Amino acid sequence: LFSAVELAPRDPILGLNEAFNADSRPTKVNLGVGVYFNEGGKIPLLRAVREAEQARVAAEQPRGYLPIEGIAAYNTAAQTLLLGQSSPLIAEGRVVTAEALGGTGALKIGADFLKRLKPAAKVAISDPSWENHRALFEGAGFEVVSYPYYDGATHGVNFAAMLDALNGYPAGTVVVLHACCHNPTGVDLGEAQWKQIVEVVKARGLVPFLDIAYQGFGDSIEADALAVRLFAAAEVNTFVASSFSKSFSLYGERVGALSIITDTKEEAARVLSQLKRVIRTNYSNPPTHGASIVASILNTPALRATWEQELAEMRDRIRAMRNGLVERLKAAGVDRDFGFVNAQRGMFSYSGLTAAQVDRLREEFGIYAVSTGRICVAALNTRNIDVVANAIAHVIK
Ligand code: PMP
């Protein structure tokens, strides 16, 4: 049966982790990962999560099956994070939300539903994008194209080219947009640009699919939801994949949600009924633990205040590391201006390092980054930042 099965290519980032683990140099640093580490170099267990978990254990809740769409209080909380407390769309019952297995699971059930709805549509992703976007939508049966996004020359967005591409797509094309903290570049659109994107998407009848995996890591929970709220205000039928992996530091619990903005409450009921079919035939119903923790944090004022503070601490620490890296590179005599790193948002930075420089960082210093030059700023801390800055200064001089 399996004699003709070819070995699939290794995931490049997981391969990087294996090489890092095998490296015996004590000063090694892994900047290739996609997780937030605290100052101690550890994945944090948030206080809010610990308290919610203790309460859950104490309550001795049974572990029955959840409804196909997940925990109602979780879904409502996820919608409210996206659209705000006073969202008229939520009040009118026009937003469908289903718990999903992380942001990836949300993208996947959205993709499967869209494939049934628009079988001939193409999907457009940013160039570059999170590496799983293409594979995920291709796996769901779509042809995937990319629209111009990052401009290496300016360390910004090639906005004119992006708009041009969107303007050239036929109606019904699914456009995947990073709502905030773009992965891998860290480069986001500004408010005026988002308004233009919403206008083009609406005018051309495109289908926006927003991926929001870092809400709260950019400027604030509310500010990072701007793109979602602009699409909602424009009454565009929008798909949104939320991930709470990073914002609650619950990576392995697989907590995410798919939300879909519909035109009427009655339409929402029909859309949910079809989404439930997709879920039912994939994994029947979602897991209980992570979503119940997130729901209780979001719906309990004291826990929510703790979480918001912890999220702000993560955001501020990343900012401090960005700033620290820029300052140290300057102090190390690097003449290139790295100020753009401070303008980037979220955990990642397209550092501008070339593949050859990334190789040298690894070989000469045990510093691991993705060959595109993407570094995870959240893996820096006050103990390794000098080593990293000096090594970067060395390889770019
Ligand atoms: N979208 C983007 C842009 C991401 O960066 C990630 C995680 N790296 C995901 C989706 C997937 O999130 P999750 O781990 O919750 O599936």
* To do: Quick one: divide the alpha-carbon radius of gyration of the range 33-77 by 2.2 N^0.38 Å and tell me what you get.
  => 1.59
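Would you mind ranking His178, His155 so that the residue whose beta carbon has the fewest other beta carbons within 10 Å leads the list? Walk me through the numbers on the way to the answer.
On the way: His178 26, His155 21.
The order, fewest Cβ neighbours first, is His155, His178.
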* Asked: Sorted by packing (mean other beta-carbon atoms within 10 Å per residue), highest first, where do 206-216, 374-384 land?
  -> 206-216, 374-384
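Would you calculate, for the chain, the mean residue ellipticity at 222 nm contributed by helices, counting each DSSP H stretch of 4 or more residues as -39,500 (n - 2.57) and dividing by all residues, to the nearest 500? Let's see the in-between values first.
Numbers: 15 runs with 184 residues, N = 397.
-14500 deg cm²/dmol, from helical runs alone.
Kindly state, to the nearest 0.05, the FRET efficiency for Lys330 paired with Glu191, given R0 = 35 Å and r defined as their beta-carbon distance. Write out the running numbers ahead of the final one.
Working: r = 30 Å, r/R0 = 0.85.
About 0.70, to the nearest 0.05.
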* **Neighbourhood net charge (12 Å Cβ-Cβ; Lys/Arg +1, Asp/Glu -1) for Ile68** => +1
* Structure fact -> Rounded to one decimal in nm, the spacing of the 7 Å Cα→Cβ label points at Arg277 and Ala72 is 2.5
* **Rounded tilt (10° steps) of 72-83 against the dominant C-alpha axis of the chain** => 60
* Distance violations [Cα-Cα > 30 Å] among Lys115/Lys246; Lys202/Lys276; Lys42/Lys115; Lys195/Lys330; Lys42/Lys195 -> Lys42/Lys115; Lys195/Lys330; Lys42/Lys195
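What is the percent of Cα-Cα separations in the range 222-289 that go past 16 Å?
On the way: 1378 of 2278 pairs.
When every Cα pair of the range 222-289 is considered, 60 percent fall beyond 16 Å.
What's the exposure ranking of Thr288, Thr97, going from fewest to most Cβ atoms within 10 Å? Walk me through the numbers before you get to the answer.
Numbers: Thr288 19, Thr97 27.
Going from sparsest to densest Cβ surroundings: Thr288, Thr97.
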* Cα centroids of the range 318-337 and the range 72-99: how far apart, whole angstrom? -> 41
* Taking Cα atoms, how many degrees apart are the long axis of helix 385-396 and the longest axis of the chain, rounded to 10 and kept between 0 and 90? -> 70
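Can you tell me what share of the DSSP beta bridges in the chain is antiparallel? A percent to the nearest 5 is fine.
On the way: 17 of 36 bridges.
Counting only bridges with both partners in the chain, antiparallel ones make up about 45 percent.
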* Asked: Dividing the alpha-carbon radius of gyration of the chain by 2.2 N^0.38 Å (N being the number of residues), what value is obtained?
  -> 1.00
* Counting Lys and Arg as +1 and Asp and Glu as -1, each charge on the Cβ, what is the dipole of the range 65-299 about the Cα centre in debye, to the nearest 20? -> 740
* To do: Relative to the longest principal axis of the C-alpha atoms of the chain, give the angle of the C-alpha long axis of helix 265-282, reported between 0 and 90° and rounded to the nearest 10°.
  => 60
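Laboratory data are not the source of any read-out in this text; all were calculated from the coordinates shown. A quick note: this is a predicted structure, and the numbers were derived from the prediction, not measured. Note that we place each Cβ from the backbone using ideal geometry, even for glycine, and neighbour counts take in every protein chain shown.
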